[in-house]
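Participant: What follows is a single structure, and I will ask about it in a moment.
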Amino acid sequence: MRLAGLAFLVALLAACSSGDADPTIAPDPPEKVVGEWLDALSAQELESLGALTSARNLALVAGAENGFTTEQMTAIADRGLPEATARSYWSSFYEGFADFLGVPIAQVEVGGVGRFSIDGEPFAAVGLTLGDAATEVVLVAEPEGWRVDLVATAGPALAVQIRRLVAQLVDEADEDVARGYALAAIVSLEAALARDPANRALALELEAIEDLPIDLGA
């Protein structure tokens, strides 16, 4: 598996705007979830990483970066990433993260939170401080609480690959599977666009997904 998460790391350098809505989600606040996620990433705790990351959006990012087949994406939709695949993905993600930052993950400081919503779905952008630089990780509210949304965080860098993957699924996968991934991609890329509203390339890829021949309202 090639270096996973590289596009995510590139996206972390982008400047982001602040949101204005402030929905309240329990039980843990977004900044605590991000801190635990960084700790789990550093320790390579697969179970914790899986629990703290939005599973559908992890599948989209891993599939887009690594060229997963329709059969693989369908299986992941039902069962999540296989353990061996998850171990390989998070290991290369961690290595790329550490190399790219040039500092141990333990030195990354978790900062403030900006909350906003997309189509009524709550999101949170948690600031990270890397020495003199600052960036953010985007989280989505799921029934269990806040979860790191890799699609929303890496949307500007991965939009083309995600659009291609969703188009592939619309062409080849069961309609329910394709619809689930398409809806997840649309909402999370809308969240990415809310953080980077001047990104015309991202907006065009989002529009292309929305125009795919699938009934998103079924």
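Participant: Could you sort the peptides 34-41, 148-155, 196-203 by per-residue average Cβ neighbour count (10 Å cutoff), highest mean leading?
Facilitator: Taking the mean over residues of other Cβ atoms within 10 Å, the ranking is 148-155, 34-41, 196-203.
Participant: Further question on the same structure: One quarter of the convex hull surface, Cα atoms only: what value does that give for the chain in nm²?
Facilitator: 10.9
Participant: Tell me, what ³J(HN,Hα) does each residue in region 139-146 have, in order and in whole Hz, if you take phi through Karplus 6.51 cos²θ - 1.76 cosθ + 1.60 with θ = phi - 60° and put x for Gly and Pro?
Facilitator: Residue by residue, region 139-146 yields 10, 10, 7, 10, x, 7, x, 6 Hz.
Participant: Which residues' amide hydrogens lie under 5 Å from the amide hydrogen of L81, considering only partners 5 or more residues apart or on another chain, with H built in the peptide plane?
Facilitator: Under 5 Å from the amide H of L81: no residue qualifies.
Participant: Next question, about the same structure. Taking the Cβ of A203 as the centre, find all other residues whose Cβ is under 11 Å away and add up their charges (Lys, Arg: +1; Asp, Glu: -1).
Facilitator: Overall, the nearby charge balance is -4.
Participant: To continue, here is another question. Once amide H atoms are placed 1.01 Å from N in the peptide plane, what residues at a sequence separation of 5 or more from I118, or on another chain, have their amide H within under 5 Å of its amide H?
Facilitator: Those lying under 5 Å, H to H, from I118 are F123.
Participant: Using the Cα centre of the chain as origin and beta-carbon charges of +1 (Lys, Arg) and -1 (Asp, Glu), tell me which of L150, P122, S188 is placed farthest towards the positive end of the dipole.
Facilitator: Of the options given, the answer is L150.
Participant: Taking other Cβ within 10 Å of each residue's Cβ, how do I162, I118, I209 sort, fewest first?
Facilitator: Final ranking by Cβ density, sparse to dense: I118, I209, I162.
Participant: Which residues' amide hydrogens lie under 5 Å from the amide hydrogen of T53, considering only partners 5 or more residues apart or on another chain, with H built in the peptide plane?
Facilitator: It is V148, by chain and number.
Participant: From the phi angles alone, apply the Karplus equation (6.51, -1.76, 1.60; θ = phi - 60°) to region 85-91 and give each ³J(HN,Hα) in whole Hz, x where the residue is Gly or Pro.
Facilitator: So the Karplus estimates, Gly and Pro as x, are 5, 4, 4, 5, 4, 5, 5 Hz.
Participant: Moving on. Sorted from fewest to most neighbouring beta carbons within 10 Å, what does the list E207, E65 look like?
Facilitator: By the 10 Å Cβ count, ascending: E207, E65.
Participant: Which whole-number percentage describes the relative contact order of the chain, with Cα contacts under 8 Å and a sequence gap of 6 or more?
Facilitator: With pairs under 8 Å counted, the relative contact order is 29 percent.
No value in this document is a laboratory result; all are computed from the given coordinates. Worth saying up front: this structure is predicted, and the values here are computed from it rather than measured. When we count neighbours, we look across all protein chains shown, and the Cβ atoms used for this are built from the backbone with ideal geometry, even at glycine.
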